[in-house]
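The values are calculated or read from the model by the stated rules, or taken from the named source; none is laboratory data. Remember, predicted model here, so these are calculated numbers, not experimental data. Cβ placement follows ideal geometry from the backbone for every residue including glycine, while neighbour counts extend to all protein chains displayed. What goes into the accessible areas is simple: the full protein's heavy atoms, side chains included, and nothing from ligands, DNA or RNA. Shrake-Rupley method; radii C 1.70, N 1.55, O 1.52, S 1.80 Å.
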Amino acid sequence: MGKKGKKEKKGRGAEKTAAKMEKKVSKRSRKEETFLYNELYIYNIRKDTWTKVEIPNPPPRRCAHQAVVVPQGGGQLWIFGGEFASPDGEQFYHYKDLWVLHLATKTWEQVRSPGGPSGRSGHRMVAWKRQLILFGGFHESTRDYIYYNDVYTFDLDTFTWSKLSPSGTGPTPRSGCQMSVTPQGGIVIYGGYSKQRVKKDVDKGTQHSDMFLLKSEEGREGRWVWTRINPSGTKPTPRSGFSIAVAPNHQTLLFGGVCDEEKEESLEGDFFNDLYFYDAIKNRWFAGQLKGPKSEKRKRRRGPKAEPEGADKQDSGEACAHAPLEVVREVVAEDGTVVTIKQVIATPGSSTQPQSDEDDSPEEAGGPWVEPRPRSNAMLAVKHSRLYLYGGMFEAGDRQVTLSDLYCLDLHKMDQWTVLVEADPETQEWLEETDSEEDSDAGEGAEGGEDEDDQDDDEDSSEEDGEPQHPVVTPGEQFEDYLPRTELYWVRLARDEVGPEAKEKRVLKVAHAMAKAFFDDPA
């Protein structure tokens, strides 16, 4: 076939693929945007139902804010700060406004008081006596970013802000940390995340694992002091984005989170679903070990005491009696991206109470093991000695997976998680980052997709030129198996099409798009 005919055929293929990719992009456009909300929902524990509450004049849409409930005035929900980003990524800013929801009258009110914290996200806020106390956070702009370690109080009687200047050495600037009130009236700060610029266009992130106590000096109103503390026990591994709640015995409960690992120009996150308790009276951390269903344990006890498989598990448990068990899972995004998620489960040896030989783990007992998947930024609440866990997120490649599942755990029994609302992986929505680079990549991915069918339509001419054909799809093969097997081929093809100057991120996206298009329609 002559060059003219070859070009015409390639042109027709490009037109066909452009139309197909436009349809795909239009269909998925909503999934490739990040949406913020200002909706209010109430979960009824007895009825096991969610209800959307419509209240006029709510705060503007936002995320990464803080919300605290206090008993004053028949019950109030206070909200400060957070951030807003438009779906197209063109607008982004941090809030510094303060709102209160009056639960008795179901009305929103914006409280305007000077002298408060600057606009920020990722800060932490707790109720202390008749005040709100706020710590840390960060502010980011197109030019620079800053992390905070300042402390503010808001008086719930006078509606006034005050900035504290505690004595002693306090935490370094950070966001996403733990902030909780101790039974003795102190405030604990643990962990968090911050980053700093080491050279031009190069930032270094830090996962903090230090702990501090903020106390009001007795007899000296308005005077506070920082003290660094070093708890004993089984401490959480370094992380940020974890969730906290106060357990019935006034212990602070910590769940999940993420530890970001920076590798040159990439950033990978290890997500967790483990539980820890901090006892402020003993100044000690405890790993939250689940006991498993009792009925399954009894069934196990009636069985033979020595089994080859059980013995192997017991030996394995004794070998790492004081170390958490790490389970590795692979999650495949709908675009073929594969991400490895590490899940850490506390072993029986790390429990605060020694287990008897009969108390086999749930896995040894042979019973079903139900647990929330690893995540960060989930919502926690404790009511009637039950821990409720809602939502959160984890990352799969460049995508952010936003969860909507709901779990419950009896903190007295500590036997097993109960699923109240299960996440359906088939209908799970994948929300993609929407900064300008991501938006341009989405468009470039579509352009790269035009070459997918160009390559398909050009297959005959490739044979004439002695070039290899596209890797064939074997009968019954799934895309998540096909992509790893052929990824290098598609990456080389994509790099030729987008040019040597293109970013690796774009090359990979185009390669995956080309592979998916060929997999869906190899003819």
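Any chance the stretch 229-240 includes a residue that's in contact with a strand residue (DSSP E or B) (Cβ under 7 Å, 6 or more places away or on another chain), modelled with pLDDT under 90 and assigned to a strand (DSSP E or B)?
Checking the stretch 229-240: at least one residue is in contact with a strand residue (DSSP E or B) (Cβ under 7 Å, 6 or more places away or on another chain), modelled with pLDDT under 90 and assigned to a strand (DSSP E or B).
Please go through the stretch 377-394 and pick out each residue that is surrounded by 20 or more Cβ atoms within 10 Å (Cβ to Cβ) and either polar (S, T, N, Q) or not in a strand (DSSP E or B) (or both).
Of everything in the stretch 377-394, those that are surrounded by 20 or more Cβ atoms within 10 Å (Cβ to Cβ) and either polar (S, T, N, Q) or not in a strand (DSSP E or B) (or both) turn out to be Asn377, Ala378.
Please specify each residue of the stretch 85-102 satisfying the condition of being open to solvent by less than 20 Å² (accessible area, probe 1.4 Å) and either closer than 19 Å to Asp144 by Cβ or of a type in the set (A, V, I, L, M) (or both).
Leu98, Val100, Leu101
For Gly192, indicate whether it is in contact (Cβ under 8 Å) with a residue 40 or more places away in the chain, of a type outside the set (D, E, K, R), in contact with a Ser or Thr (Cβ under 7 Å, 6 or more places away or on another chain) and buried (at least 21 other Cβ atoms within 10 Å of the Cβ).
Against the criterion (in contact (Cβ under 8 Å) with a residue 40 or more places away in the chain, of a type outside the set (D, E, K, R), in contact with a Ser or Thr (Cβ under 7 Å, 6 or more places away or on another chain) and buried (at least 21 other Cβ atoms within 10 Å of the Cβ)), Gly192 qualifies.
Just give me the residues in the stretch 103-133 being aliphatic (A, V, I, L, M) and either in contact with a His (Cβ under 6 Å, 6 or more places away or on another chain) or loosely packed, with under 12 Cβ neighbours inside 10 Å (or both), in sequence order.
Ala104
Residues being open to solvent by less than 50 Å² (accessible area, probe 1.4 Å), outside any strand (DSSP E or B) and closer than 16 Å to His384 by Cβ: count how many of those fall in the stretch 395-414.
Qualifying residue count for the region: 2.
Name the residues in the stretch 472-523 that are under 19 Å from Asp398 (Cα atoms), in a loop (DSSP other than H, G, I, E, B) and not aliphatic (A, V, I, L, M), would you?
Lys503 - this is the single residue of the stretch 472-523 that is under 19 Å from Asp398 (Cα atoms), in a loop (DSSP other than H, G, I, E, B) and not aliphatic (A, V, I, L, M).
Before we move on, is Pro166 surrounded by fewer than 22 Cβ atoms within 10 Å (Cβ to Cβ), modelled with pLDDT of 90 or more and out of contact with any strand residue (DSSP E or B) (no Cβ under 9 Å at 6 or more places or on another chain)?
no
Taking Leu213 and the conditions (1) of a type outside the set (S, T, N, Q); (2) open to solvent by 40 Å² or more (accessible area, probe 1.4 Å); (3) not in a loop (DSSP other than H, G, I, E, B), which numbered condition does it fall short on, given that it satisfies the others?
(2)
I'd like to know if the stretch 197-209 contains one or more residues that are surrounded by fewer than 16 Cβ atoms within 10 Å (Cβ to Cβ) and modelled with pLDDT of 90 or more.
Checking the stretch 197-209: at least one residue is surrounded by fewer than 16 Cβ atoms within 10 Å (Cβ to Cβ) and modelled with pLDDT of 90 or more.
Across the stretch 134-162, what is the total count of residues that are among the polar types (S, T, N, Q) and open to solvent by less than 40 Å² (accessible area, probe 1.4 Å)?
Adding up the residues that qualify gives 1.
In the stretch 217-228, which residues are touching a Lys or Arg at 6+ places or on another chain (Cβ under 9 Å) and modelled with pLDDT under 90?
Hit for the stretch 217-228 is Glu217, nothing else.
Considering only the stretch 266-292, state which residues are charged (D, E, K, R) and open to solvent by less than 30 Å² (accessible area, probe 1.4 Å).
Asp270, Asp274, Asp279
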